[in-house]
Protein chains: 2
Amino acid sequence: MDITEIIARKRDGGELSEREIRQTVEAFVCGEVGEGPMAALLMAVVLRGMTPAETTALTLTMAHSGDRLDLSEVPGVKVDKHSTGGVGDKTTLVAAPLAAAAGVRVPKMSGRALGHTGGTIEKLEAVPGLTTALDPDRFRSQVAEIGLAIAAQTEAMVPADKKIYALRDATATVESIPLIASSVMSKKLAVGADALVLDVKVGEGAFMRDLAAARDLAGTMVEIGLRAGRKVVAVITRMDQPLGTAVGDAAELAEAAKTLAGEGPPDLVELAETLAGHMLLLGGVVEDAEAGRARAHEALVSGKGTEKFVEMISAQGGDAALLDAPDSLLAAALRMPVEVARDGFVTGLDAREVGLAVRHLKEASRNGKHLCGVLVHKKVGDSVKGGPAVTVLGPPGAEQAMEEAAERVKRAYSVGEEPPASPPLIVETVSG
Amino acid sequence: MDITEIIARKRDGGELSEREIRQTVEAFVCGEVGEGPMAALLMAVVLRGMTPAETTALTLTMAHSGDRLDLSEVPGVKVDKHSTGGVGDKTTLVAAPLAAAAGVRVPKMSGRALGHTGGTIEKLEAVPGLTTALDPDRFRSQVAEIGLAIAAQTEAMVPADKKIYALRDATATVESIPLIASSVMSKKLAVGADALVLDVKVGEGAFMRDLAAARDLAGTMVEIGLRAGRKVVAVITRMDQPLGTAVGDAAELAEAAKTLAGEGPPDLVELAETLAGHMLLLGGVVEDAEAGRARAHEALVSGKGTEKFVEMISAQGGDAALLDAPDSLLAAALRMPVEVARDGFVTGLDAREVGLAVRHLKEASRNGKHLCGVLVHKKVGDSVKGGPAVTVLGPPGAEQAMEEAAERVKRAYSVGEEPPASPPLIVETVSG
């Protein structure tokens, strides 16, 4: 293998073979190809793109680069779910229990917070005692026994993706649809689920800010999945303002619990039921997505979703009793109400700014990071006329940082004379 | 300085400031910026280009990155000469003595062989005893006293160019006009000549294969020079077949000596006199290039060019007596005559193949590498009808490698029924 010949071909807009991609990635992981050549190749990919065959080859090479989770001995259809990341996006904590309660098995490996978005792992870890570090045997048996496990990806999985991502982060080569798609899908394919429902976020609070890019990403991920022999569907959804009314680890966990208890905000309920519906469809439980959504709704109103969530939390060592009074998770938090400057209707609430405000608040807090957050009382379209629009949450001692977060969130609001037209949350569905 | 922000801007087609370029290069040289980010930036430059201001900033940063040769105390106008590299291109060894004999001072730092092309340093070193390792004081005083010195660039000069070039070579980021131009010009600007004549080769045996690229390179280098306050002119010349009749270190040195003695091949004479003429024009010795060429011709026919060359060789410790009988330089060489397969007219002689044949022959020879070479008896347009078209030269013991070189050179010939139209050697002149 001549690495400069490979880089030159991509630089000039040519296509690389599956073998060339595999050898290059393997040589990079073992140190035979250095950071210089790999970064040059990545930049050439950013500017020249990759064909579906190339993208799939890269994905599979990364998926196979470390430990994999073999679920073939686990009975039933295993359906995974993934979101490209948003603010206030606790959907997994609702949709996964609903889908598991309604009859599919959900083996979910989640990531940690990235950029302005939160991570499912940190949210779950707000439950005292709960562990997300499940070894493969424990993960498998939990999926087999209760049909649901949410764990952190282990260090030994997809090492090639980890090493390549670290280089991309340092070389301004993150922004590439094929590279983003292959990174996401490599992690999913390293876990042996049969099917996958993707929530591709679009908007100011998402990594994909425009619809064309979101469609491209969704289509690319679906195609990789199909080429790898998995059933995949992608749902493109709006991420302009935070999802639901809570941002922050404990606050989002509490909101997820309340949503499963039938007291959720309408956008979160709609999204969780829709995604769970697609999971049930791919899992063969229902005939179409609408029937899937209805089945998810039944699981919610019957309390079976909450039961499944409690089962999972207990299995992972968490104190499930807390879910009976979700707000107790925030009992120790300081609360700082924030009013916006003028009266009118909320015309915008910049999710990215809210996400960054919470992230910086966490970074500034020594302890009780899970208490940091924002409760959103006024969302787009709501009338504001005195009274707080949000409440900033934080641990004792973080008052100064909470003031800064409050200022930032205040600036994230736009207020006008008329309520704006609000685009639908769910934009479209992409399947193979 | 945020290196990812800088890479991202270039990736997206934006422009970098002089300060950003300087800080990036300095940080790369001292190891603060690693090979990954630098390679990503270089690939972005290859695909997005650089503005003249960016290219000049890069050039000056590299020129200032190490030792520089200050010639300000040397009286007179100092004029340098550079070729982008060809096969059989011993023009410096003729043009520099002619220009120096006719009244400008020529402080020349030369490179070694690169790719299929030879290097002036190796050719000069074919003279027994001669050194090209001149320390700055010796270089300066030689230029002051005899008006001519040809030395190898020292390790301590342009370290940034050396480090960046090594990375480019490993990352398929060599092929970029701004990067090639800044590399060449940084080396030239680190030597304090007042003016510079560039010979930009175009054709199958050159690094620039088409005229548009050669024009782009010539224009970019001239612009950098002007922005840096130097007088610069570029002459674009054909490099399809080898220049003159000799390829190889000792063979080319012998041909240069014979040319100065009035027995040179017409293409080499034309090119050397033309370039020396431009050197005299930039040096203020003559009013126009044609008068310069005439002055160079006078220096040739009067024997003053040879005198200057002998002076230089003696000053650098070489046995100048050898120049009285230049062929004695090849006395120890084996000679292998090669005939081409059919009769007719030479329609092509691929300089790149000839250059590579000599390069491989040198690599295969343990001793006497300077003896390796090819004497070209039949050039484009010549009739071949029996008799050798070339003679392959090599040291005793290299018979096997010489056979291989002979085969390669034979294949480099194209023979047809009619002599082809031959394009002029000198294509055009580019000045600011």
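The values are calculated or read from the model by the stated rules, or taken from the named source; none is laboratory data. All of these numbers come straight from a predicted model, not from anything done at the bench. Glycine gets a Cβ as well: all are built from the backbone with ideal geometry, and neighbour counts include every protein chain shown. Heavy atoms of the whole protein, side chains included, go into the accessibility calculation; ligands, DNA and RNA do not. Shrake-Rupley method; radii C 1.70, N 1.55, O 1.52, S 1.80 Å.
Under 5 Å between amide hydrogens, built in the peptide plane, is the criterion, and for A:Val427 it picks out A:Ile236, A:Thr237, A:Arg238 among residues at least 5 positions away or on other chains.
Residue separation of A:Ala53 and A:Ala421 scaled by 0.36 nm, minus their Cα-Cα distance, works out to 128.4 nm of gained length. Between 0 and 90 degrees, rounded to the nearest ten: what's the tilt of helix A:289-301 against the longest Cα principal axis of chain A? Relative to chain A, helix A:289-301 is tipped by roughly 40 degrees. With the whole protein complex present, B:Leu217 retains an accessible surface near 0 Å², based on a 1.4 Å probe. Answer rounded, prolate or oblate for segment A:92-140, using the Cα gyration tensor with square roots of eigenvalues a ≥ b ≥ c: rounded when a/c is under 1.5, else prolate when a/b is larger than b/c, else oblate. Note, shape of segment A:92-140 comes out oblate. Between helix A:18-29 and chain A there is an angle of about 70 degrees, using the helix long axis and the longest principal axis of the Cα atoms. Between identical copies, the spacing of A:Gly303 label points, each set 7 Å from Cα toward the C-beta atom, reads 11.8 nm from nearest to farthest.
Listed values for segment B:141-146 are Karplus-derived 3J(HN,Hα) couplings in whole Hz (6.51 cos²θ - 1.76 cosθ + 1.60, θ = phi - 60°), namely 6, 5, 5, 5, 7, 10, and x replaces Gly and Pro.
Compute the angle between helix B:249-260 and the longest alpha-carbon principal axis of chain B, please, reported from 0 to 90 degrees and rounded to the nearest 10. Approximately 80 degrees, to the nearest ten.
Once C-alpha pairs closer than 8 Å and six or more residues apart are averaged by separation and normalised to the residue number of segment A:3-49, the relative contact order reads 52 percent. Evaluating 6.51 cos²θ - 1.76 cosθ + 1.60 at θ = phi - 60° for every residue in segment A:320-329, the Karplus couplings come out as 5, 4, 4, 5, 5, 9, x, 5, 4, 4 Hz, glycine and proline recorded as x.
Distant-in-sequence amide contacts of A:Leu71, defined by a placed amide H-H separation under 5 Å and a gap of 5 or more residues or a different chain, comprise A:Gly192. Cross-link partners of B:Lys369 among aspartates and glutamates, defined as those whose alpha carbon lies under 14 angstrom from its own and excluding same-chain residues fewer than eight positions apart: B:Glu122, B:Glu125, B:Asp249, B:Glu252, B:Glu399. Label points for B:Pro424 are taken 7 Å from Cα along Cα→Cβ. From this copy to the others they lie 7.1 nm apart, shortest first. Derived scalar couplings between HN and Hα for segment A:334-351 equal 6, 10, 10, x, 10, 9, 8, 5, 9, 7, x, 10, 6, 9, x, 9, 5, 4 Hz in order, rounded to whole Hz, by the Karplus curve 6.51 cos²θ - 1.76 cosθ + 1.60 (θ = phi - 60°), x for Gly and Pro.
In peptide B:39-51, how many Cβ atoms from other protein chains are near each Cβ within 10 Å, on average? The partial results should precede the final answer.
Working: counts 13, 16, 5, 4, 16, 8, 1, 7, 8, 2, 0, 0, 0.
What the average comes to for B:39-51 is 6.
With 25 Å as the limit on Cα-Cα distance, the pairs of B:Lys162/B:Lys201; B:Lys108/B:Lys231; A:Lys108/A:Lys162; B:Lys231/B:Lys258 that go past it are B:Lys231/B:Lys258. Averaged over peptide B:1-10, the number of partner chain Cβ atoms lying within 10 Å of each residue's Cβ comes to 3. In this label model, B:Glu403 and A:Thr347 are separated by 8.6 nm, measuring between points 7 Å along each Cα→Cβ vector. For segment B:367-396, there are no residues whose amide N sits under 18 Å from a probe point set 7 Å from the Cα of B:Ala133 along the beta carbon direction. Accessible surface comparison of B:Thr154, A:Thr132, probe 1.4 Å, protein chains only, largest first: the order is B:Thr154, A:Thr132. Less than 5 angstrom separates the built amide H of B:Gly397 from none of the residues sequence-distant by 5 or more or on a different chain. Note on A:Val301/A:Arg411: beta-carbon distance plugged into 1/(1 + (r/R0)^6) with R0 of 56 Å gives a FRET efficiency of 0.90.
These residues, A:Arg215, B:Arg411, B:Arg19, go from largest to smallest accessible area, 1.4 Å probe, as B:Arg411, B:Arg19, A:Arg215. For B:Gly14, the point set 7 Å out from Cα toward Cβ sits 3.3 nm from its twins in the other copies, listed from shortest up. Calculate the translational D of the protein assembly as shown in whole µm² s⁻¹ from Stokes-Einstein, where the hydrodynamic radius comes from the Kirkwood formula applied to all Cα pairs, the temperature is 25 °C and the viscosity 0.890 mPa s. In µm²/s, the coefficient is 78.
What FRET efficiency comes out for B:Lys385 versus B:Glu175 if R0 is 60 angstrom and r is the Cβ-Cβ distance? Round to the nearest 0.05. Efficiency, from the Cβ-Cβ distance: 0.90. Note on A:Ala325/A:Ala27: beta-carbon distance plugged into 1/(1 + (r/R0)^6) with R0 of 56 Å gives a FRET efficiency of 0.55. Relative to a virtual label point 7 Å from the Cα of A:Ser72 in the Cα→beta-carbon direction, which members of segment A:139-177 show backbone nitrogen distances below 18 Å? Counting backbone N atoms under 18 Å from the label point, the list is A:140-141, A:144. Computed on chain A, with alpha-carbon pairs under 8 angstrom and 6+ residues apart, the relative contact order is 19 percent. Per-residue mean of foreign Cβ neighbours for A:172-184 is 2 (Cβ atoms of other chains, 10 Å radius). Secondary-structure-derived ellipticity at 222 nm for chain B, considering helices only, amounts to -14500 deg cm²/dmol, per-run term -39500 (n - 2.57) for DSSP H runs with n ≥ 4.
Normalised by the number of residues in segment A:229-327, the average gap of Cα pairs under 8 Å and 6 or more apart makes the relative contact order 26 percent.
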